[in-house]
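Novice: The structure that follows is given in the form of structure tokens.
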Amino acid sequence: MWRRALLLFLLLPLVSESLPAEDQLIRIGVLSHRGDQATSDAWSPTAIYLSRVIPDYTFEIVPLDFSDVDPAVKFGQVDFILTNPGMYVNLEVRHRISRIATLNNLAGGTAKNVFGGVIFTRRDRDDINTLDDLKGKSLMAVDVYSLGGFQMAWREMNTRGLNPYRDMHSITFGGIHDRVVRSVRDGRVDVGTVRTDILERMAKAGQIDMADFKIINRKVNPGFLLSRSTRLYPEWPFSKVLHTSNELAQKVAVALLNMPSNHPAARAGSYAGWTIPLDYQPVHELFRELQLPPYEYTGRFTLEDAIKKYWYWLLVALVFLLFMLLMTTWVARLNRELKKAKRHLERQYELILNSVADGIVGVDLNGNTTFANRAMTQITGWEADDLIGRNQHQILHHTRVDGTPHPADQCPVYATNSDQVPRFVEDDVFWKKDGSSFPVEYSSTPIRDGQLKTVGSVVVFRDISDRKRISEETRQHQDDLAHVARLSTMGEMASGIAHEINQPLTAIATNAHACIRMLESGNGETERVIDVMERIGAQAARAGEIIRHLRQFVKKEQPELSLIDINEVINEVITLLRTEIRKAGAKVVLDLDERIGKVLAQHVQIDQVILNLARNAIEAMADIPEGARLLSIATRNEAVDYARVTLTDTGPGLDPAVAGQLFNPFVTTKPNGMGLGLSISQGIIEAHKGRIFVEPVAGGGVRFIFLLPTCPQRETET
């Protein structure tokens, strides 16, 4: 009897798992990094979505503080967990949770499945500009376990040799991101750190003004437009707890991956759906570098541990010691032979070093030259005797390409000696003995002795004069191609422009004849004559303005950049297109932001991009009823130092088969088009450190968008 009862007790968990879970409550623990109420408001719609998609289960959100996450998973208080990648790595090791999806965060209007950290201070803190300036300052982070709100920033400080626990005046933790931002804004602490997109979200909600803050150690990436100070790491994973069945986890994963990016639940949580689980190795690397759990004991291997583990090897070592005592005489003889071989190897090393075509120079920790190969002397004109023992920076690297002094503390070679991190510089200048400079690319790699202690670095450089010349020729070829395209465009528009110029010329001639007749009549109509002359002047000015725009557009532009007002460029293009717009029966609506920042660009090339996009839009609306042909052009300032230009038409839209290849050369939707206009436009925008893309418009039509970086120095002056 007791055996049967024991069997039923053992089988009970299996039976309960196999039974249908009708209206079973499933708890989803969510890290409450912005407060419990905000967490509940953001994620409850996701729980409602899962309850609707997966029948027989009711999902519930459980907000968890940083200190509550581990106990909730350990004691089975939740069935799924959504937390930052740092806490996930620890939970994976300690409690064997498994990620089933990764969040696509909606940051800056685009979906991102990576994020970073932001180190910031008040903009009026002129004494804090770099990571080195943080020493002795007060820091507030979110939590000791917050990946984006502390640990990412810690890693960047550690790279600069700064320990926040040791080198900061004080370090406190605010618990939630918003409290950290407000504490810095109100001056209660000097510096704060939060995850990316927190500042932008608070600014969008009207809680703060981004202009009040200054980003420390700013990193710029055209593909990631949010303010950040650290490297990027994968976004939050959605994970199942060990006791949760694989069948339920599979249903949840399918439901999350099938969620549309614009689903109401996603919008409520400020994200854009989910993607397959990402690789979280970068988070493991961060924890190894900082020796944080679960890697806090890495490298701690005591003598006692070695004896217990390798006692038999110690016994063998004793036997070998006796043997080596007997072999002392023989070893002494071998030592003499080794010295001879060493001298031979040194000669071989010198031959190999001198056979390399790239310049090679050794530098000790004080910056003095220790060796140089033959190519080094041939390229620079400095003999080895002139270099060895002298400071290489003062000889080769003392001045920048613009002629300004190059401080030694900003030299990558000195930095390699300091932090033992190899570096590669793609474009710099070295100076020859005759006082001339030449462009180089070079690498700086630490040199370590037999004890793995850094004793200096080796610099390998290459003269890239020919490469830069070829690059300049390629750029010139691109400019010539763009110029030919502009001339071709003007050829297509010649009839309309001639008509546009002919109107003011005709008006001038008519008014001039009328003026002559009034003067010949002798009626003394002086006021009427003056009025007619003013009309003649206005028409002449109109014709001159059209001709000025035309000459500017077809001229071959100079390579120099200048500060231009993008709104003025748009108005100039509309002037050239006025006849074509009228002939097409289209209407143009301009929504130009007067506060748009000026961009550093080549005026004619930006003219060409806007003209090409506008003409494409006008031609695309040819088959649309005349009253519905509308071209909208708008400009706005992006949040992170970019000017945004949007051109939207009401045409039939793009064929999906062509949309993905639209910017490729020789791809066109026009019967007689060459397929070069959009390719040239993309090349121009990317050469200006911007980006261009296209997106469909609901109800028909196409929207072309391009971004150009604004000039913050100019904006500050104005």
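Derivation of every value follows stated rules applied to the coordinates shown; laboratory data play no part. All values derive from a computational prediction rather than experimental measurement. FYI the Cβ positions are ideal-geometry reconstructions off the backbone, even for glycines, and counts take in every protein chain you see.
Novice: Under 5 Å between amide H atoms, partner at least 5 residues away or on a different chain: which partners does residue 390 have, H built in plane at 1.01 Å?
Specialist: Amide H neighbours of residue 390, under 5 Å, 5+ apart: 369.
Novice: Shape of the range 386-429 from its Cα gyration tensor (a ≥ b ≥ c, root eigenvalues): rounded if a/c is under 1.5, otherwise prolate when a/b > b/c, or oblate?
Specialist: Cα axes put the range 386-429 in the oblate bin.
Novice: Summing Lys, Arg as +1 and Asp, Glu as -1, what charge do residues with Cβ under 13 Å from the Cβ of residue 273 carry, residue 273 excluded? Could you put the intermediate results ahead of the total?
Specialist: On the way: positive: 112, 267; negative: 235.
Neighbourhood net charge equals +1.
Novice: Ok, one more. 5 Å is the cut-off here: which amide hydrogens, built 1.01 Å from N in the peptide plane, fall below it relative to residue 365, excluding neighbours closer than 5 in sequence?
Specialist: For residue 365, no residues qualify.
Novice: Too long at a 18 Å Cα-Cα cut-off: which of 74/240; 342/453; 219/689? Working shown, then result.
Specialist: Details: 74/240 12 Å; 342/453 21 Å; 219/689 15 Å.
Beyond 18 Å between Cα atoms: 342/453.
Novice: Taking θ = phi - 60°, what integer Hz values does the Karplus form 6.51 cos²θ - 1.76 cosθ + 1.60 yield along the range 35-50, in sequence order, with x for Gly and Pro?
Specialist: x, 5, 5, 5, 5, 5, 5, 6, 10, 4, x, 5, 5, 5, 4, 5
Novice: What is the packing order of peptides 203-215, 168-180, taking the mean over residues of other C-beta atoms within 10 Å and listing the highest first? The partial results should precede the final answer.
Specialist: On the way: 203-215: 14.2, 168-180: 19.5.
Answer by packing, highest mean first, reads 168-180, 203-215.
Novice: Please sort 182-195, 318-331 by packing, taking for each peptide the average over its residues of neighbouring beta carbons within 10 angstrom, highest first.
Specialist: The peptides rank, most packed first, as 182-195, 318-331.
Novice: Going by the alpha-carbon gyration tensor, a ≥ b ≥ c the square roots of its eigenvalues, is the range 114-232 rounded (a/c under 1.5) or, if a/c is not under 1.5, prolate (a/b greater than b/c) versus oblate?
Specialist: Values: a/c = 1.36, a/b = 1.16, b/c = 1.17.
Verdict is rounded for the range 114-232.
Novice: Using modelled amide H (1.01 Å from N, peptide plane; none on Pro or chain starts), what sits under 5 Å from the amide H of residue 638, excluding residues fewer than 5 places away?
Specialist: Sorted by chain and number, the residues that satisfy this are 643, 644.
Novice: Is the shape of the range 199-305 best called rounded, prolate or oblate, per the rule: a/c under 1.5 gives rounded, else a/b larger than b/c gives prolate, else oblate, with a ≥ b ≥ c the square roots of the Cα gyration tensor eigenvalues?
Specialist: Details: a/c = 2.69, a/b = 1.13, b/c = 2.38.
Here the range 199-305 falls in the oblate category.
Novice: To continue, here is another question. Summing +1 for each Lys or Arg and -1 for each Asp or Glu, what net charge is found among the other residues whose Cβ lies under 15 Å from the Cβ of residue 42? Write out the running numbers ahead of the final one.
Specialist: Details: positive: 34, 195, 201, 204, 267; negative: 36, 41, 60, 178, 197, 235.
Net charge around residue 42: -1.
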